[in-house]
Amino acid sequence: MASKIPRAIASSGGARLLLLVAGAATLAVAALLLCRHQPLVVPVAAAQVEKLAALATPEALGRELFHDVALSKNRTQACATCHSPDYGFADPRTLPSTGGAVSLGDDGTSLGDRNAPTAAYASFTPSFGKDAKGRWMGGQFLDGRAATLEDQAGGPPLNPIEMGMPDKASVVARLRESPRYAAAFEALYGKGILDRADDAYAAMTKSIAAFERTDEFSPFDSKYDRYLRGEEKLTDQEDLGRVLFFSSQFTNCSQCHRLRDIGGAEKETFSGYVFHNIGVPANTAARAVNGTAPGHVDHGLPDGKIVIEPALAGKFKTPSLRNVAVTSPYMHNGVFKDLRTVILFYNKYVSKSPKRQINPETGEPFGPPEVADNLALEELKSAPALDDKRIDALVAFLKTLTDRRYEHLVAR
């Protein structure tokens, strides 16, 4: 029996859970001695022991919670619904009316107004605050309104257009329905934890955040990472894209999409997490069906209610480019479907060619900025225009940032 219990029980919580598991095993043996004509008692108890022991760490419990639809009002949606582990921890669902730009809620009708960002590598996002240059940066969600992963994990269950639960107590009541959760929460977070709604809810978010900090979310095993370790070579086109990306002479990519001080450093997340307004147009297609009031403007950072200043209107957090090739559509509102279109959108700011002002997905000029003030023109206009060869090279390089497990999803 002992050989089947996972090793991850070194913490005091794991030890307490092991005692509970051992107690279950003892009862099973006693039952066998009293009722030898019922030999199935031990296998059933053993299965229960395995299930209980499987939640012996916060990370293991968080994994279970991340995939549990019982945490939504109608039991149809889990964290993994909008952040699927099989699709770059983004939302793979594509509704004909929105093209996957925004996510469908647990009620089967509600639609959001922003694209669900990937949860991969989110643990590297710094807490919300100012950088050395005095610029707002970091925080979870596109507007930075959650300071930590724990804060972020607590948002969707209570959001009426996402998982739709009315309050924390209702979520905790769902947790109490599961004997496995009851045992695991008590072992990991103390006796009676599920009797205190606020404490139990915080423990739940702590577990989910612990899972999100595991290597499953940030393996750093893409082709680019393997190239850095000398395990694989880039193609000529990919390598040209790499050189262009980190160049301060030919592109402006790494001004915003670089965390490390030196280009090419290991464990680069490809974001500085600073807030910018790059002039993204409104997604009128999504707005036509998601119930947004006419005239509504998504102001980004100020709408997060942490800092409300006119000079911040239109600014959104710079996202990581990890797995960007498999997490379309793009921008905070999912307005662009193709990665090449995104690069063409940036290129329009520095190209004098009339054809470069055309959105290839619509055949019409790129739409006007949803928020025309506070544009990051200094950054947007700091590089020369790109020709098709260089645009294609950048796309090729961005594809190399795909984790190994998702490489089969990359359109080649």
Note: probe point = Cα of V307 + 7 Å toward Cβ; backbone nitrogen < 17 Å; residues of the range 92-128 passing the test are 126-128
So, with points 7 Å from each Cα along the Cβ direction, the D373-H67 label distance in nm works out to 4.8 nm
Extension length gain for T109 and D239 (0.36 nm per residue less Cα distance), in nm, is 42.3 nm
Between G334 and residues 5 or more places away or on another chain, the pairs with built amide H atoms under 5 Å apart involve N115
Length gained if E361 through S248 is fully extended, taking 0.36 nm per residue and subtracting the Cα-Cα distance, is 37.8 nm
Here, E216 and R176, labelled 7 Å along Cα→Cβ, have an inter-label distance in nm of 2.8 nm
Given 290-298, 395-403, the highest-first ranking by average Cβ count within 10 Å works out to 395-403, 290-298
Going through K352/K399; K130/K267; K348/K389; K223/K267; K206/K305; K223/K381 one by one, the pairs whose alpha carbons sit over 19 Å apart turn out to be K352/K399; K130/K267; K206/K305; K223/K381
Summed over the other residues with a beta carbon less than 11 angstrom from that of V69, with K and R at +1 and D and E at -1, the charge totals +1
Env charge @ R114, Cβ radius under 9 Å, K,R +1 / D,E -1, value -3
Binned at 5 Å starting from 0, the alpha-carbon pair-distance distribution of the range 91-136 in whole percents comes out as 5, 17, 19, 14, 13, 13, 10, 7, 2
Honestly the range 183-342 on the Cα gyration tensor test (a ≥ b ≥ c root eigenvalues; a/c under 1.5 rounded, otherwise a/b vs b/c for prolate or oblate) is just oblate
One would report the Cα pair-distance distribution of the chain, bin width 20 Å, in %, as 24, 51, 20, 4, 0
Within the range 136-151, the residues whose backbone N lies under 12 Å from a label point placed 7 Å from the Cα of S127 along the Cα-to-Cβ direction are 139, 147-151
With R₀ set to 56 angstrom, the calculated FRET efficiency between the beta-carbons of I262 and H296, to the nearest 0.05, is 0.85
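Shape call for the range 50-171 from the C-alpha gyration tensor, a ≥ b ≥ c root eigenvalues: rounded (a/c under 1.5), prolate (a/b greater than b/c) or oblate?
oblate
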Those helices of the chain passing the 20 Å axial Cα length cut-off and the mean Kyte-Doolittle cut-off of -1.0 (DSSP H runs only) are 12-34, 197-212
Descending packing, highest mean Cβ count within 10 Å first, for 375-385, 109-119 is 109-119, 375-385
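None of the figures in this text is laboratory data; all of them are computed from the coordinates on show. Since the structure is predicted, the reported quantities are computational estimates derived from the model, not experimental observations. Cβ coordinates were reconstructed from backbone atoms using ideal geometry, including for glycine residues, and neighbour counts include every protein chain displayed.
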